[in-house]
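Visitor: Here you go, one structure.
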Amino acid sequence: MNTLKLIVEKEYANRVRKKTFILMTILMPFLFVALALLPLWLANLKDSGTKKIAVADYTGIYASEFQSNEEYNFELIHQNDTSGLMQQLGDELFAILTITDDLSKNPKAVSLISEKQAPMDLQSYIEKTLSAKVTEQRLEGLSASANVDQATISQVRKIVESKDDISLSTLKWSKSGSISETSTAVASIVGMIFTFLIYMFIMTYGSMVMQAVMEEKRSRIVEVMISSVKPVNLLVGKIIAIGLVGLTQLFIWGIMIGILMTFGSIAMGYSNGSMEIQAAQAAAMSGDFDPTTIMTMLASINWLEIFVNFIVYFIGGYVLYASIFAAIGSSVDNEQDTQQFMVPITLLLLFAFYAGFYSVNNPDGPLAFWCSFIPFTSPIVMMVRIPFGIPLWQNLLAIVILYGSFLLISMLAAKIYRVGILMYGKKPTIKEIMKWIRYK
């Protein structure tokens, strides 16, 4: 036990003191936060000047409906020929809006000409404004009809102008009797984020174990080490040490990202409750959406359960795959020889990732259910299902199967490691590796 402790301490200390580890640990949170907040900040930036839009309304019905703002200045032009304005496009003039006919009768009698592609917000504003006016025209046409009374027209107008869109609230009931508001979209996003993280970290730190084993084998330093240390202790110590390095990095990243996101949100004006960008983006996707509702949805998620399960499944998945990677690293001498063994492992991880991805739409479906109990896929798939809420027995059963499997795989990997670490100059076959497992 003292030997194993020394191996873990040495491997851990050597790795956390490396400049690459320190730089990656410090810089990655800044990169994550930048990737999250920078697009929102850039999307909120506006041009320094106001864009001039010339409105050529031959009908005289619609031009007065357009209201200028800080971004766009709508100016009515009183001339029948707009060809002279074409030369100004890109300089003084940003675009020309031309309306040639009554849109209630000819909806396609409108065009927008610009030198550059017109922004989506400008197109949406024009379409919304004209649609509202056309609706008003048609209602007025009905009111002029002798077959419809004024009271009916007034009621129709109120219905059309009403903004009370249907908004379905989703609630989750627990056996304790409590009810909390939830969001399938928020749960899906949270599940996918943690699924991607656990996939990335298992792949990264598992490969790190394989690289460490191969480096020691190539340098022949392992021949000296196993003279005083059992190969099994050497393998276990390396897996534990690199796993602790991963947990250390995750812990530091979590703290730094939380701090940076908080200060970044304050700097971008989200802390004052306005949250204009998120609200605008949500509104663009699914209509008006109150930012406070988003915060309520996030608060309804059991973050403690997610973080605890993330650590539990990360440890189980990491040790499982790290044992396989270590066995591969001890069996070969160079990078090229690892390909025949790495391909099936990589495909298995990719299958787990895609299974998790497709399980978002149906977290209780057959794919998600059965992949939750397969040890090679459960660490990834379960992180998708947990935000939606799963029965306790399924979670416990998945953990028992996962940890039981990694104990079995670790023992098999140790048998391969003790033989393969001293084998040089020959690429072993699957048949030979099976013989190593049977050695006493």
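Visitor: Which of (1) over 19 Å from the mean Cα position of the chain (by Cα); (2) closer than 23 Å to M24 by Cα; (3) at pLDDT 85 or above does F307 not meet, given it meets every other one?
Guide: Result: F307 fails condition (1) only.
Visitor: Can I ask one more? List the pairs whose first member sits in region 334-363 and is over 19 Å from A322 (Cβ atoms), whose second member is of a type in the set (F, W, Y), and whose Cβ atoms are under 6 Å apart, counting only residues at least 6 apart or on separate chains?
Guide: P363/F388
Visitor: Just to check your reading of the model, which residue among A54, A13, A36, A95 is at pLDDT below 80 and either over 30 Å from S124 (Cβ atoms) or in contact with a helix residue (DSSP H, G or I) (Cβ under 8 Å, 6 or more places away or on another chain) (or both)?
Guide: So the residue among A54, A13, A36, A95 that is at pLDDT below 80 and either over 30 Å from S124 (Cβ atoms) or in contact with a helix residue (DSSP H, G or I) (Cβ under 8 Å, 6 or more places away or on another chain) (or both) is A36.
Visitor: Here's something else I'd like to know. Residues to consider are P428, P363, P387; find the one that is assigned to a loop (DSSP other than H, G, I, E, B), under 18 Å from N309 (Cα atoms) and not hydroxyl-bearing (S, T, Y).
Guide: P363 is the lone residue from the list that is assigned to a loop (DSSP other than H, G, I, E, B), under 18 Å from N309 (Cα atoms) and not hydroxyl-bearing (S, T, Y).
Visitor: From the residues in region 256-268 that are surrounded by fewer than 16 Cβ atoms within 10 Å (Cβ to Cβ) and closer than 14 Å to L31 by Cα, which one is modelled with the lowest pLDDT?
Guide: Only one residue fits best here, namely G258.
Visitor: Out of contact with any strand residue (DSSP E or B) (no Cβ under 7 Å at 6 or more places or on another chain), at pLDDT 80 or above and surrounded by fewer than 15 Cβ atoms within 10 Å (Cβ to Cβ), is that true of F251?
Guide: The answer is yes for F251.
Visitor: State which residue pairs qualify: first residue under 17 Å from Y205 (Cβ atoms) and inside region 1-26, second residue of a type in the set (F, W, Y) and assigned to a helix (DSSP H, G or I) in any location, beta carbons under 8 Å apart, and separation of 6 or more residues or different chains.
Guide: R15/F21; T25/W253
Visitor: Can you tell me which residue within region 98-147, out of those that are part of a loop (DSSP other than H, G, I, E, B), out of contact with any helix residue (DSSP H, G or I) (no Cβ under 8 Å at 6 or more places or on another chain) and among the hydroxyl-bearing types (S, T, Y), is surrounded by the fewest Cβ atoms within 10 Å (Cβ to Cβ)?
Guide: If we take residues in region 98-147 being part of a loop (DSSP other than H, G, I, E, B), out of contact with any helix residue (DSSP H, G or I) (no Cβ under 8 Å at 6 or more places or on another chain) and among the hydroxyl-bearing types (S, T, Y), then S145 is surrounded by the fewest Cβ atoms within 10 Å (Cβ to Cβ).
Visitor: Residues that are surrounded by fewer than 16 Cβ atoms within 10 Å (Cβ to Cβ) and modelled with pLDDT under 90: does region 369-387 have at least one?
Guide: Checked against the condition, which is being surrounded by fewer than 16 Cβ atoms within 10 Å (Cβ to Cβ) and modelled with pLDDT under 90, region 369-387 yields no hits at all.
Visitor: Would you point out the residue of region 310-357, among those that are part of a helix (DSSP H, G or I) and polar (S, T, N, Q), that is nearest to E216 (Cα to Cα)?
Guide: Top of the filtered list is S330.
Visitor: Evaluate the following for F341: is it over 21 Å from L396 (Cβ atoms), surrounded by 24 or more Cβ atoms within 10 Å (Cβ to Cβ) and either within 22 Å of the chain's Cα centre (by Cα) or of a type in the set (F, W, Y) (or both)?
Guide: When the stated conditions are applied, F341 does not pass them.
The values are calculated or read from the model by the stated rules, or taken from the named source; none is laboratory data. In this text, all values refer to a predicted model and were calculated from it rather than measured experimentally. Cβ atoms come from the backbone with ideal geometry, glycine included; neighbour counts cover every protein chain shown.
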